[in-house]
Amino acid sequence: MNYWNEKFETMGVEEMRAFQDENLAATVAWLYERVPFYTKALDEKGVKPAYIKGVDDLSKLPFTVKTDLRDNYPLGLCAVPVNELARIHASSGTTGKPITGPYTKEDRDQWAECMARTLYAQGVRKGDVIQNAYGMGLFTGGLGFLLGAENIGCCVVPSGSGMTDRQIMLMQDLNTKALFATPSYTLTIAERAEKMGVDIRKLPLEIASCGAEPWTLEMKADIERRMGIVAHEAYGLTEMMGPGVAFSCSEGKLHINEDHILPEIVDPDTLEQLPVGEQGELVFTAIQRRAMPLLRYRTRDITRLVREKCACGRTLITMEKILGRSDDMLIISGVNIFPSQIESVILDMGDYEPLYQLRVTKKGYLDKIKVEVEAKPEFYEGGADALAQMAGKLKAKLNSVIGIGMDIEILPIGTIPRSEGKAKRVFDER
Ligand code: ADP
Ligand code: ZN
């Protein structure tokens, strides 16, 4: 068996479309009757639920944005009374005040389904020992991965985030097969193990399922090389259920569970829907959830959708790796840059640790960006001159790839904080 849910994961495009049409229409009707926010938003657009026949009508629907969730905190957008809820999560608040994610029991079961598809596609099987190093709590990461692994029937070690030495000890003593953690925490574990003299490549660990923050293919390659594993990817957001929205398969493609979460790409400025294949802001509509399904939720994540035949056999639509969040996009002297573009260049040099910080300041009218990095330990032996030369090379490379001058500072080993969850990389001091 290659799939957790063969029917939906390999469903023909037309059959999927019919399923989506029916569920989208039902969700709009559900919200119109129960959530005053949506009654008003739909009325303002002159849209009656009966006008929404399916996916082709998506662009008639109003958008939902993060401030709508904050303005209706804690449960103003919830379509069911609290005594029908099974759980309430809240976002980790990377970009401000938390927002809530309520689930009915059915919503939670769907989440368990989407997460089981994710982990199964990545090689996790019944009976496997898995170590769940996502933060366990309000954050959807930890308990979302737990649901999926339990649904498959794994033996779960809920190690949570942090206490890195103990993570490595558990990994050795329990023969962990799969590690679930953010990419930056996975690297923190890899680095710590190297310091402790533990060769993770020789342990039974085979798989990591990394998510919750942007990371580049260069970062993935670094994890795979240092740990001797395959680093898979999970993508999601609290507003749509948490992790389980999209997952990488054996071919490294990111499939979206589109029978649950309907994707579109819009131009972030004009809000026009863009054709499949064009880059823009990812917008999701939840079509099976009942507690708080959101219509056309603007994620602020930038990517493109790709509809192509995947060698893994799944027909679920795919998206490219997230380039970044529009909130994290830096505009430096008129040039738009995502931290992930800088990350690619740094790691591509081969001389640096996969750690960096970007510090943005303003001098008069000029924006200045400083890239703080740590070199690999062996490079410090050459002294300040050798480091200055290395920095010069990185500066020239960044200038040629991205097109703006950046200052480089190579910090002493161990200076940049090691992440235990989502790494904070941008410090905008303008
Ligand atoms: P917060 O918005 O407070 O960080 P969430 O945990 O809900 O709370 O974060 C969801 C966001 O995390 C997504 O919108 C996206 O920006 C980011 N994210 C999650 N998974 C990935 C991934 N695999 N690749 C890139 N970004 C991701
Ligand atoms: Zn695939």
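Place a +1 charge on the Cβ of each Lys and Arg in the chain and a -1 charge on the Cβ of each Asp and Glu, then give the dipole magnitude about the Cα centre in debye, rounded to the nearest 20.
So the magnitude is around 520 debye.
Which whole-angstrom value gives the distance between the alpha carbon centres of the range 15-60 and the range 327-406?
46
Nearest 10 degrees is fine. How inclined is helix 339-349 to the longest principal axis of the chain, computing both from alpha carbons?
Long axis of 339-349 versus the principal axis of the chain: about 40 degrees.
Can you tell me the length gained on complete extension of the stretch Thr270 to Lys97, counting 0.36 nm per residue apart and subtracting the Cα distance? Kindly include the intermediate steps, with their values, before the conclusion.
Values: separation 173, 0.36 × 173 = 62.28 nm, distance 2.67 nm.
Gain on stretching Thr270 to Lys97: 59.6 nm.
Given Cβ point charges of +1 (Lys, Arg) and -1 (Asp, Glu) and nothing else, what value in debye, to the nearest 20, does the dipole of the range 239-363 about its Cα centre take? It would help to have the intermediate numbers written out before the result.
On the way: 15 positive and 19 negative charges, 62 e Å.
It comes to approximately 300 debye.
Mind pulling the angle between the C-alpha long axis of helix 183-196 and the longest principal axis of the chain? Nearest 10 degrees, somewhere in 0 to 90.
Roughly 30 degrees between the two axes.
Among Tyr32, Tyr297, what's the order by accessible area (1.4 angstrom probe), most exposed first?
Correct descending sequence by accessible area is Tyr32, Tyr297.
Which is farthest toward the positive dipole end of the range 331-430 among Met406, Gln389, Leu347, measuring Cα position about the Cα centre, with Cβ charges +1 (Lys, Arg) and -1 (Asp, Glu)?
The Cα lying farthest towards the positive end belongs to Met406.
Just list whichever of Lys202/Lys424; Lys321/Lys362; Lys105/Lys126; Lys66/Lys395 have alpha carbons separated by over 26 Å in the model shown.
On the way: Lys202/Lys424 31 Å; Lys321/Lys362 31 Å; Lys105/Lys126 23 Å; Lys66/Lys395 36 Å.
Exceeds cut-off: Lys202/Lys424; Lys321/Lys362; Lys66/Lys395.
Using only Cα atoms, tell me the angle between helix 164-174 and the longest principal axis of the chain; keep it within 0 to 90° and round to the nearest 10.
70
Over the chain, average the accessible area per residue using a 1.4 Å probe and give it in Å², no decimals.
Heavy-atom SASA per residue in the chain reads 42 Å².
Only helical DSSP H runs with n ≥ 4 go in: add -39500 (n - 2.57) per run for the chain, normalise by residue count and round the 222 nm mean residue ellipticity to 500 deg cm²/dmol.
-10000 deg cm²/dmol
Quick check: with the 1.4 Å probe, what order do Tyr356, Tyr365 take by accessible area, largest first?
Tyr365, Tyr356
In straight Cα distance, which lysines are under 17 Å from Lys40, not counting same-chain residues fewer than 8 positions off?
Lys48, Lys60
Please report the carbon-and-sulfur percent of the accessible area for the chain; probe 1.4 Å, protein heavy atoms only, DNA, RNA and ligands left out.
On the way: 9300 of 18080 Å².
That share works out to 51 percent.
Name the shape class, rounded, prolate or oblate, that the alpha-carbon gyration tensor gives for the range 1-104, where a ≥ b ≥ c are the square roots of its eigenvalues, rounded holds for a/c under 1.5, and otherwise prolate holds if a/b is larger than b/c and oblate otherwise.
It is oblate, given that a/c is not under 1.5 and a/b is not larger than b/c.
Mind listing which trypsin sites (Lys or Arg not before Pro) in the range 16-102 are in a DSSP loop and have 13 or fewer other Cβ atoms within 10 Å?
Lys45, Lys53
In what order, largest first, do Tyr51, Tyr235 sit by accessible area if the probe radius is 1.4 Å?
Descending order: Tyr51, Tyr235.
What does the charge count near Met329 come to, summing +1 for each Lys or Arg and -1 for each Asp or Glu among other residues with Cβ under 12 Å from its Cβ?
Charge balance near Met329 sits at -3.
Quick one: how many Å² of Thr315 are accessible to a 1.4 Å probe, rounded to 10?
50
What residues qualify as long-range amide H neighbours of Arg300, i.e. H under 5 Å apart, gap of 5 or more or another chain, H built at 1.01 Å from N?
Amide H to amide H, under 5 Å and 5 or more residues apart or across chains, Arg300 pairs with Leu282.
Add +1 for every Lys or Arg and -1 for every Asp or Glu among the other residues with Cβ under 12 Å from the Cβ of Ala286, and state the total.
Taking every other residue near Ala286 into account, the sum is -1.
Taking H as built 1.01 Å from N, whose amide H comes closer than 5 Å to the amide H of Val230, not counting residues under 5 places away?
The answer is Ile207, Ala208.
What share of the DSSP beta bridges in the chain is antiparallel, in percent to the nearest 5?
65
Any idea how far the Cα center of the range 162-222 sits from the one of the range 103-122, in Å?
Computed from Cα coordinates, the inter-centre distance equals 24 Å.
Of the DSSP beta bridges with both residues in the range 330-428, give the percent that are antiparallel, rounding to the nearest 5.
If I count the DSSP bridges inside the range 330-428, around 65 percent turn out antiparallel.
Trypsin sites (Lys or Arg not before Pro), restricted to the range 104-194: which are DSSP loop and have at most 11 other Cβ atoms within 10 Å?
Of the trypsin sites (Lys or Arg not before Pro), the ones in loops of the range 104-194 whose Cβ has at most 11 other Cβ atoms within 10 Å are Lys126.
For Arg70 and Leu411 in one chain, what is 0.36 nm times their gap in residues minus the Cα-Cα distance, to one decimal in nm?
Gain in length upon complete extension: 118.9 nm.
Can you find, among Thr10, Pro36, Gln20, the residue farthest towards the positive end of the dipole of the range 1-41? Put +1 on the C-beta of Lys and Arg, -1 on that of Asp and Glu.
Pro36
With a cut-off of 8 Å between alpha carbons and a minimum separation of six or more residues, what is the relative contact order of the chain in percent? Please list the in-between numbers first.
Working: 875 pairs, mean separation 59.3, N = 430.
After rounding, I find 14 percent.
The values are calculated or read from the model by the stated rules, or taken from the named source; none is laboratory data. Remember, it's a predicted structure, so these values are computed and weren't measured experimentally. We place every Cβ from the backbone using ideal geometry, glycine too, and count neighbours over all the protein chains shown. Heads up: the accessible areas ignore ligands, DNA and RNA and are worked out on the full protein's heavy atoms, side chains in. Shrake-Rupley method; radii C 1.70, N 1.55, O 1.52, S 1.80 Å.
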